[in-house]
Structures are given as C-alpha cells and as structure tokens.
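This is the structure, below, for whatever I ask next.
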Amino acid sequence: MYKSCFLAVILGCSFGISEVQAQAFDNTTYIFDQFFKNYNMVNPANQDTSAKIRLQLGNRSLTNLFDGVSRLYGDLNYTIKHPSPSRYSNIGLLVTNNQDGAFISKSSLYGRYGWQTGLNAYSSLSFGASLGAVNYSIKSSQADPGGSDWALDGNVGLWYLHRRFKLGVAYMQIFGQTLRPVREQFVLQPYWNMNLQYLVFKTPFVSLTTHVYVNNSQGPIWQVEAAPIFEIMRYVETGVNYRYNNGVAMIIGLKSLPLFGGKANIMASYLFSTGATSVATNNVIEFSLGYAY
C-alpha cells in the first residue's frame, strides 16, 4: 500500500510540473554495483576474448518500502577471431528493463558491434558501437490514463587495453531523443563516461584489481564508483563498491565454475546507504549470473 501511494504521489507531482515547464529531463543513469561483471553496460567497445560465447544476467532491486523498483539486464556476446592473431570482433545483444513499481517501466534493446586490434605485444585498442530502441511505459492510474513511447538510441566507445590496466571512454545516448508516453517528456540526455581497470597485484593465490567508473549524466554532480575486488584461489571474488555520496556495496561471489564444458559465475552484493541521498537509491540487493563457453 505504501509503495502504491508513493508512486501515485510521484506521478501526480511530475505531471503537475510538466504542465508548467512542459518538459522533464531523465538524466539519471542507473549503474549496477557489479558493473565490472559486464562492462558492455557502460561501454560498447568492451572486448572480452577469453571465451567465444558469453552470457551475463543481472538484477538490482530495492528493498523495504521500494521493493517494487528493480533494474534487470541480459547480455549475450559472441567473439569472432580474425586471421590475424591480434584482431578480434564481437557482436552482442543487450536487453534491459527498469521497473519503478507498478506504474513506470523503461525497457531497451541494443545490438552491438566491436573491433579490437593489437598495438604491440602488451597492448591493444578496441572500438565499439551499439544501436537500439528505448521504451517508456506508464500504466494508467488515478493520476493519469498512462501511455507508451519509443525512441532510437545509440552509444559509442573506445578501450585501451594493457597487460596491467584497461582504460575506456564512451559517449552514451548520443541522439538525445525525447519520449512522451504521457504529458511529461523524458529526455535521453547524452553523457560521457570513463572507466579504469587496474591490476594492483597478483600472486598464485590472490590478486587485487581496482575498477573505477565515472560519468556526468547528472550534470555538475558526477557519479563516481570505485570497486577493489580480490580474487582468491581463482574461484572466489570478494570486495566492495564505493559509490561517492551514496553508499558502499559489499560483494561476494564464485567464478570459473566448470559447467557443461564452459565456466559459470555467480555473485551477490548489498548496498548499504550512507544517508547522503534519497532513500529511493539506497539499500539495494543485487545478483548476477554468467556463463562463458
């Protein structure tokens, strides 16, 4: 009941504002606490050539009062080996669904292509682009009769890969499309992001890799995340993801589990609120599953 009342209030307020200013900007980008498990979510140029076929699933859900809010994705990637030993291509498909309670839903479908070439024995460069469609859907309620709208969307990216670190930059939502499922407009604001992956140390038993992600999708307030992740005995992953001005996610999982001739991974995390931002973005549980062959 609390969830339905809250969403009805949000819808009513947003529609009232839209009548005054005629436009609302959807400039919030939802990033998974386990973003390092599927970099294709934040940069279409990401290349993982360790497997020919890779499937990754993830779900990020709020708890307690906001238990109807969830972010779900599925990503399928296929690697193509070129005659040159240092060149690869990949094609992929990414599906997402953001559910904001019983009323608001944002879904997307992207096709992706990436190309990687070696620069020398220690480094390579990859380019990538994705193209697809985004849908906003608002179900009917006491505040509004509801509606649905589609728009074209695209992303481009670049990765520099070194034996010890990886650095990527991407330009997302490049078309800046506007959707109007109801009286309020949703604008897919273009934004930049950058990500860094650095191998701090590695031994036969344990290694530490730090993943950093930043974007400017919220205007002057940049989203910043840092996730130091330990790998123990090749099978256990654990660490934290620190979200600047938002919270800290505790992370643990298993990787490289033999399954049907390939390898599977499973991971869970929980984001603890720092109390610095709205409760609608805090206390989040997340799961991811993956399989590579």
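Inspect region 81-97 for any residue being among the hydrophobic types (A, V, I, L, M, F, W, C), in a loop (DSSP other than H, G, I, E, B) and within 30 Å of ASN120 (Cβ to Cβ) and give the result as yes or no.
No: region 81-97 contains no residue that is among the hydrophobic types (A, V, I, L, M, F, W, C), in a loop (DSSP other than H, G, I, E, B) and within 30 Å of ASN120 (Cβ to Cβ).
Take the residues of region 191-216 that are closer than 15 Å to ILE229 by Cβ, in contact with a Phe, Trp or Tyr (Cβ under 9 Å, 6 or more places away or on another chain) and of a type in the set (Val, Ile, Thr): which is surrounded by the most Cβ atoms within 10 Å (Cβ to Cβ)?
THR209
Could I ask something else about it? Determine whether region 243-252 contains at least one residue that is modelled with pLDDT of 95 or more, of a type in the set (D, E, K, R) and surrounded by 14 or more Cβ atoms within 10 Å (Cβ to Cβ).
no
Which numbered condition in (1) closer than 25 Å to VAL212 by Cβ; (2) at pLDDT 85 or above is the only one that LEU62 fails?
That leaves (2) as the condition not met.
Checking the structure you have, find out if any residue of region 181-190 is under 22 Å from TYR73 (Cβ atoms), surrounded by 17 or more Cβ atoms within 10 Å (Cβ to Cβ) and touching a Pro at 6+ places or on another chain (Cβ under 6 Å).
no
Okay, moving on. Would you mind telling me which numbered condition in (1) under 26 Å from ASP149 (Cα atoms); (2) modelled with pLDDT of 95 or more; (3) surrounded by 17 or more Cβ atoms within 10 Å (Cβ to Cβ) ASP100 fails?
Result: ASP100 passes all but (2).
Further question on the same structure: Are any of the residues in region 260-271 closer than 23 Å to THR29 by Cα and touching a Phe, Trp or Tyr at 6+ places or on another chain (Cβ under 6 Å)?
Taking every residue of region 260-271 in turn, at least one turns out to be closer than 23 Å to THR29 by Cα and touching a Phe, Trp or Tyr at 6+ places or on another chain (Cβ under 6 Å).
Okay, next question. Across region 158-179, what is the total count of residues that are on the phi > 0 side of the Ramachandran plot and crowded, with 19+ Cβ neighbours inside 10 Å?
Residues meeting the conditions: 1.
Of everything in region 119-157 that's within 30 Å of THR203 (Cα to Cα) and surrounded by 16 or more Cβ atoms within 10 Å (Cβ to Cβ), which residue is nearest to the chain's Cα centre (by Cα)?
Filtering region 119-157 down to residues within 30 Å of THR203 (Cα to Cα) leaves 119-126.
Then keep just the ones that are surrounded by 16 or more Cβ atoms within 10 Å (Cβ to Cβ); that gives 124, 126.
Numbers: SER124: 24, SER126: 19 Å.
Looking at residues that are within 30 Å of THR203 (Cα to Cα) and surrounded by 16 or more Cβ atoms within 10 Å (Cβ to Cβ), I get SER126.
Out of ARG71, ARG112, report the one residue that is buried (at least 20 other Cβ atoms within 10 Å of the Cβ), at pLDDT below 95 and either among the hydrophobic types (A, V, I, L, M, F, W, C) or part of a strand (DSSP E or B) (or both).
After applying the criteria, what remains is ARG71.
Looking only at region 185-230, which residues are at pLDDT below 90, in contact with an Asp or Glu (Cβ under 9 Å, 6 or more places away or on another chain) and not hydrophobic (A, V, I, L, M, F, W, C)?
Passing the criteria: only GLN185.
The values are calculated or read from the model by the stated rules, or taken from the named source; none is laboratory data. Everything numeric in this text was worked out from a predicted model, so none of it was measured. Ideal geometry is used to build each Cβ from the backbone, glycine not excepted, and the neighbour counts take in all protein chains shown.
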